[in-house]
Each structure stands twice: as structure tokens, then as C-alpha cells.
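Data block below; observations after.
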Amino acid sequence: MTFVTRIRLQSGNRPALERVVEQIRSTAERKGAELRGPHSEPAERLDVPLHKTTSGDNSRTFRSWDYQVFTRQLEIVGHNDVARRATEIDFPSGVHVEVELEQVEQMA
């Protein structure tokens, strides 16, 4: 049985995100692991309203704060040691990481 480790990375800081992706990619390449990706999704634009008071008066607001969230997804097939190393990286505080492990049975 083979394990597929999916790593989904999100950040508003694109250079930090790209450094993490490159670090995972180079680790997988160095160890000879099969790596799929990085797959990029379109940047998600978020708009956050900023209120002038905490009293619940929604009529008094500052200009909204808007920012983009960038997403990259990678898949490591097999090579559990490489997948473990990739998920144990000291990720920057602005990079959100989700890891999903799937067990795949090969066809006979």
C-alpha cells in the first residue's frame, strides 16, 4: 500500500510561501521522492471591514482592509520519511499548513 501526503499551504506573504514550497521541493528532489506540484490556485482576495468603535455602531467604519491569500498544494507519493520531514519544517508564522494523508491501494 502506498501513502499519498497532500500538503496545502496558504499565506498572504507570497515570498515566504514560495520559500517554503521550494524547501519542500528541494527536499523531495534530493531524496528521490515522487512529488506532484506545486499546484497553484488563483489568489483569493479578502475584504475585511474595520469599525471605528467596538460598540456595534456599524455606520462608523474606516476604509476596508483588503489582502490576497495565495495557495499552493503539493503531493508526496510514498516516501513516508520525506513526507514526515516536509511536515516538520519550522514554518513561518504567516504560512498556514494543512496536511492530509491518504492510503492508496494499488490495482493488481
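Taken together, the values in this text are just the output of simple stated rules run on the coordinates, not laboratory data. Source: prediction; values computed, not measured. Cβ coordinates were reconstructed from backbone atoms using ideal geometry, including for glycine residues, and neighbour counts include every protein chain displayed.
Overview of results
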read-out	value
Nitroxide proxy distance, nm - points 7 Å out along Cα→Cβ at Val77 and Thr53	6.1
Cα lying deepest toward the dipole's positive end in the chain, options Thr87, Pro15, Pro42, charges on Cβ	Pro15
Under the Karplus curve 6.51 cos²θ - 1.76 cosθ + 1.60, θ = phi - 60°, whole-Hz ³J(HN,Hα) for region 5-17, x wherever Gly or Pro sits	9, 9, 10, 10, 10, 9, 6, x, 9, 4, x, 5, 4
For the chain: relative contact order, % (alpha-carbon pairs under 8 angstrom, 6 or more apart)	49
Cβ-derived FRET efficiency at R0 41 Å, Glu105 paired with Asn13, nearest 0.05	0.60
Region 39-50 - phi-based ³J(HN,Hα) in whole Hz, Karplus 6.51/-1.76/1.60, Gly and Pro as x	9, 9, 9, x, 4, 9, 9, 10, 10, 10, x, 10
For region 1-72, Kirkwood radius (reciprocal of mean inverse C-alpha pair distance, Å)	15.2
Packing-based order for 6-19, 40-53, using average beta carbon neighbours within 10 Å, highest first	6-19, 40-53
5 angstrom amide H check on Gly12, placed H, neighbours 5+ away	Phe70
